[in-house]
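**Q** I'd like to ask you about the structure that follows.
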Amino acid sequence: MVTLKFKHRVILAFFSVIFIPLIITTSFLFFYGRYLYREDSSSFTLNYETTSAIDSYITGNWNSILLDYWGFDNGLKKIIDDKPIGLRIIDTEGELIYDSSSTTLPDKIDMYKNIVPGLQSNGEDPNADFLTYTRGEYVTINGQDVGIILYTYPPPPEFLSKLLRLILSTFAVGMITLLTHITFSVYLISRRVTKPMKELYMSIDKISKNDFDFDITYSANDELGTLCQGFQTMKNKLKDYHNRELVANETKKQLVASISHDLRTPMTSIKGYVEALQDGLASDPKKFNHYLSIISSKVESLNRLIDDLFELSKIDVGQLKMTKEKVDVKSFIYGFYMDIKEEAGWQDIIISKEFINIDTCIIDVDTTRLVQALNNVVYNAFKFCNKEIVLSCYAQGDSIHFSVVDDGLGVPNSEIPFIFDKFYKVEKARTTKSGSGLGLAIAKGIITQMGGTIEVYNNENTTGATFTIKLPRYL
């Protein structure tokens, strides 16, 4: 189905306003005129038999016109049979020799030469009265024109009243048709305009109130439809921006709350130990050194938190510098495993390895940043495992996979989508250890900037969770 553009609808409506009323009015004039004068048409003509009888009578009694005028007149009127038709006869000299509507004849007038040219061109008498119809025929005797017969037909009865009725009716029909069509066209066009305009006004009003939960339904294939769909697209983008802004504001609130909490806890502890030292509660050198050791540990925690925040802020603004280099995967992961194995031993955690098909694999990464990301994932596993961790590395297609598998309680499915969010921490019942909630967020930022992905899922056949880092393989 062809859909007209709005401008084409306006143009079509303009021409239809002109031509449709004109066609309807003309048709009404034709058919109603025929209806009004259907009984009067015979008044303008004589039938063929009557005109033939008149012609024969005049031709046969031509000489009797002047010799026996009244006898000729009586005989001719019997043929006419009292029909309201005037009949005049003019000879070749232009003299009116017979007039059925007058008892006296005028003086000789020069009618013949004035009427004949008219008869030759259109068969009408140019001197006929208004609303009469005159038709002329030559009188021919023995092949020679001897005169002219003029038939004058008067208007039928009530001709003027019917004509006035026809004119007024046609005018009324024309005006009614014109106004109706204009009204209908304006209604159709205004409906095409009003509906989308109402939707746009409603949309603007709702958007001004930060209400984006609506859709613009007008989707016609015209200019207004394009405008509405463009507005719908703009609304969707504003909605996304508004939602992101809400999330960002909520994140800022959580960030401030989390930072405040993570700073307040060690600061409160440091303050307590400092006051204890000031009050002389640690007079024993051993106890004094123990308090100083605790204060140092708390300060180190604050330094790590500040460093993590600084790293995360650089990731957020895209200013985390990286120096990429071609790295042999096997050498890298063996070196990392040996380092992390020693740290696991300090915490009585057993860490094993599974390295498959990585003998000739190369990746293009920043080694320092990759170690930082892997450390964050492994340290997270240290907090949530029971006793064992498996570090695996293998090639799959065009990517290299680094996985850390723990034997802890796993991650609740409802929390998996948020596990890499800033300051997100799983419920305290799942671990006795706590952190800043920034390690996994930093790991995701680093891996993403190196063109990779990081994901987490719960183990199917055993307890615990698996964190997998995927990096593109250098070919």
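The values are calculated or read from the model by the stated rules, or taken from the named source; none is laboratory data. Being a predicted model, the structure only gives us computed values, none of them experimental. Backbone-built Cβ (ideal geometry, glycine too); neighbour counts: all protein chains shown.
**Q** Out of the residues in the range 319-341 that are without any contact (Cβ under 8 Å) to a residue 12 or more places away in the chain and surrounded by fewer than 10 Cβ atoms within 10 Å (Cβ to Cβ), state the one that is farthest from the chain's Cα centre (by Cα).
**A** Looking at residues that are without any contact (Cβ under 8 Å) to a residue 12 or more places away in the chain and surrounded by fewer than 10 Cβ atoms within 10 Å (Cβ to Cβ), I get LYS321.
**Q** Let me ask another. Is the range 354-367 home to any residue that is under 30 Å from LYS298 (Cβ atoms) and either in a helix (DSSP H, G or I) or modelled with pLDDT of 85 or more (or both)?
**A** Checked the range 354-367: no residue is under 30 Å from LYS298 (Cβ atoms) and either in a helix (DSSP H, G or I) or modelled with pLDDT of 85 or more (or both).
**Q** Go through (1) within 30 Å of LYS162 (Cβ to Cβ); (2) at pLDDT below 85; (3) surrounded by 17 or more Cβ atoms within 10 Å (Cβ to Cβ) for GLY123 and report which single condition fails.
**A** (3)
Yes/no per residue for (1) modelled with pLDDT of 85 or more; (2) farther than 13 Å from ILE148 by Cβ; (3) out of contact with any Ser or Thr (no Cβ under 9 Å at 6 or more places or on another chain):
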site: ILE58; (1), (2), (3): yes, no, yes
site: SER64; (1), (2), (3): no, yes, yes
site: LEU67; (1), (2), (3): no, yes, yes
site: PHE72; (1), (2), (3): yes, yes, no
site: ASP81; (1), (2), (3): no, yes, no
site: ILE85; (1), (2), (3): no, yes, no
site: ARG88; (1), (2), (3): yes, no, no
site: GLU93; (1), (2), (3): no, no, yes
site: ILE97; (1), (2), (3): yes, no, yes
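**Q** For the range 186-230, what are the residues that are part of a loop (DSSP other than H, G, I, E, B), in contact with a Leu (Cβ under 8 Å, 6 or more places away or on another chain) and of a type in the set (D, E, K, R)?
**A** Within the range 186-230, ASP222 is the sole residue that qualifies.
**Q** Could you check the range 186-243 and list, in sequence order, the residues that are touching an Asp or Glu at 6+ places or on another chain (Cβ under 6 Å) and more than 27 Å from PHE14 (Cα to Cα)?
**A** Within the range 186-243, just ILE216 meets the criteria.
**Q** Go over the candidates SER403, SER392 one by one and state the one that is of a type in the set (Ser, Thr, Tyr) and in contact (Cβ under 8 Å) with a residue 40 or more places away in the chain. Can you show your working first?
**A** Values: SER392 fails: in contact (Cβ under 8 Å) with a residue 40 or more places away in the chain.
When all the criteria are applied, what remains is SER403.
**Q** Please find, among ILE351, ILE315, the residue that is among the aliphatic types (A, V, I, L, M), at pLDDT below 90 and surrounded by 15 or more Cβ atoms within 10 Å (Cβ to Cβ).
**A** ILE315
**Q** Output the residues belonging to the range 147-185 that are in a helix (DSSP H, G or I), in contact (Cβ under 8 Å) with a residue 12 or more places away in the chain and exposed (fewer than 13 other Cβ atoms within 10 Å of the Cβ).
**A** Matches in the range 147-185: LEU160 only.
**Q** In the range 353-387, which residues are in contact with a Pro (Cβ under 9 Å, 6 or more places away or on another chain) and of a type in the set (A, V, I, L, M)?
**A** Within the range 353-387, just ILE363 meets the criteria.
**Q** Follow-up. Filter the range 433-469 for residues that are in a strand (DSSP E or B) and either in contact with a Phe, Trp or Tyr (Cβ under 8 Å, 6 or more places away or on another chain) or not assigned by TED's automatic domain parsing to the domain that holds THR368 (or both) and give the result.
**A** Of all residues in the range 433-469, those in a strand (DSSP E or B) come to 453-458, 465-469.
Residues satisfying the conditions are ILE454, GLU455, VAL456, ALA465, THR466, THR468, ILE469.
**Q** Taking the range 402-422 on its own, how many of its residues are assigned to a strand (DSSP E or B) and touching a Cys at 6+ places or on another chain (Cβ under 7 Å)?
**A** Total satisfying the criteria: 2.
**Q** Further, regarding this structure: Check LYS286, LYS253, LYS239 and return the single one that is loosely packed, with under 11 Cβ neighbours inside 10 Å, modelled with pLDDT of 80 or more and in a helix (DSSP H, G or I).
**A** LYS286
**Q** State all residues of the range 10-41 that are surrounded by 11 or more Cβ atoms within 10 Å (Cβ to Cβ) and at pLDDT below 70; if no residue qualifies, say none.
**A** TYR37, ASP40
**Q** From the set of residues in the range 397-423 that are aromatic (Phe, Trp, Tyr) and buried (at least 16 other Cβ atoms within 10 Å of the Cβ), which is modelled with the highest pLDDT? Spell out how you get there, then give the answer.
**A** Our first condition is that a residue be aromatic (Phe, Trp, Tyr); within the range 397-423, this holds for 402, 418, 420, 423.
Those still in the list that are buried (at least 16 other Cβ atoms within 10 Å of the Cβ) too: 402, 420, 423.
Details: PHE402: 96, PHE420: 86, PHE423: 69.
Going through the qualifying residues, I end up with PHE402.
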